[in-house]
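No lab work stands behind these numbers, since they all come straight from the coordinates. It should be emphasised that the depicted structure is a prediction, and the values quoted were computed from it without experimental measurement. Neighbour counts are summed over all protein chains in view; Cβ atoms, including those assigned to glycine, are modelled from backbone coordinates with ideal geometry.
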Amino acid sequence: MKVVEAEISDIKLLKPVRHVDSRGFFSEVFKEDVLREHGIDIHFVQDNHSLSASKRVLRGLHFQIPPFAQAKLLRVTAGSIFDVAVDIRWGSPSFGRHVAVVLSASDWNQIFIPEGFAHGYCTLEPDTEVIYKVSAYYSPEHDRGLLWSDPALGIAWPVAAEEVLVSDRDCKHPILSELPRFFRHEPAVAPVARVGE
C-alpha cells in the first residue's frame, strides 16, 4: 500500500495494491500496521456505507465535535467522487484551506482525514458507493457542518450551484467566519535533548 501526504500533510492519500488475474482481483484495503508506520495510529470503531443514485449529489461539509470528533478513512467501491476536506482547526497554518481529490473505484485510491477537518464530496457518476471508517461513533448531539458553498473556502466544486443535489440541512450550515472554534491546532513539539546527548 502506497501512502503519501496531501498538500496539507495531516491528510494522507492511500493507494492499495490490486492483484489482478483472469478471475478478478484481490486487494488488502486496510492494514493497521502499515497505516501506523505512516503516522495514522487510529482505532476505527464504525464503518459507514453510502449510495448516491445520481450524479451531482453533494454531501457535506460534515464533522463531529469533541468528545466525539471523527477521523475518517474513505474509499469508493463504485463510481467516483470529488472529495474535499477543509481544515477547521483554529490556529492551524492551513486553517480554512482544503484538500480536494478525485476518488474512484477504478483508481482504487483512498483518503485519510484526521479530526479537525470538515468533510464532504460530490458524486461524479450515478450509482456511486462510498465506504468509510470512522474513529468515533455517530452522535447526533455532536454532529455539525460547514456551508459547502462558502465562497471564502474557494472550493472548485465540479457542478454548478443550481444543478447540485443537496439536502436542505446541508444548505443551512454556517460559513467559516461564523463557525465556533470547535478545534484548536496543536503544533508538534520537538523532543528536548538531554544534557550530554
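Using DSSP to define loop residues, name the trypsin sites (Lys or Arg not before Pro) in the range 1-107 whose beta-carbon has at most 15 other beta-carbon atoms within 10 Å.
Of the trypsin sites (Lys or Arg not before Pro), the ones in loops of the range 1-107 whose Cβ has at most 15 other Cβ atoms within 10 Å are R23, K31, R97.
Considering every pair of different Cα atoms, what Kirkwood radius, in Å, is found for the chain?
Here the Kirkwood hydrodynamic radius works out to 17.8 Å.
Within the range 127-190, which trypsin sites (Lys or Arg not before Pro) sit in a loop by DSSP and count at most 15 neighbouring Cβ atoms inside 10 Å?
Within the range 127-190, the qualifying trypsin sites (Lys or Arg not before Pro) (loop, at most 15 other Cβ atoms within 10 Å) are K172, R181.
Among the GluC sites (Glu not before Pro) in the range 1-109, which ones are in a DSSP loop with at most 13 other Cβ atoms within 10 Å of the Cβ? Mind listing them?
Listed in order of number, the matching sites are E7, E28.
Which FRET efficiency, nearest 0.05, do Y138 and D21 yield, Cβ-Cβ r, R0 41 Å?
It comes to 0.60.
Show the residues, 5+ positions off or on another chain, whose built amide H is closer than 5 Å to the amide H of R89.
When sequence neighbours closer than 5 places are left aside, the close amide H contacts are G96.
For the range 118-180, what is Rg from Cα atoms divided by 2.2 N^0.38 Å, rounded to two decimals?
In units of the globular-protein estimate, the range 118-180 measures up at 1.25.
Could you go through the range 35-50 in sequence order and give the Karplus-derived ³J(HN,Hα) for each residue, using 6.51 cos²θ - 1.76 cosθ + 1.60 with θ = phi - 60°, rounded to whole Hz, and x for Gly and Pro?
4, 4, 4, 9, x, 9, 9, 10, 9, 8, 10, 8, 10, 10, 10, 10
Would you work out which of A160, F182, P126 lies farthest towards the positive end of the dipole of the range 95-197, given +1 charges on the beta-carbon of Lys and Arg and -1 on that of Asp and Glu, about the Cα centre?
Value: F182.
Can you tell me which of P16, P66, P180 moves the most in a GNM of the chain? Springs connect C-alpha atoms under 10 Å apart.
Between P16, P66, P180, it is P180 that shows the largest mean-square fluctuation.
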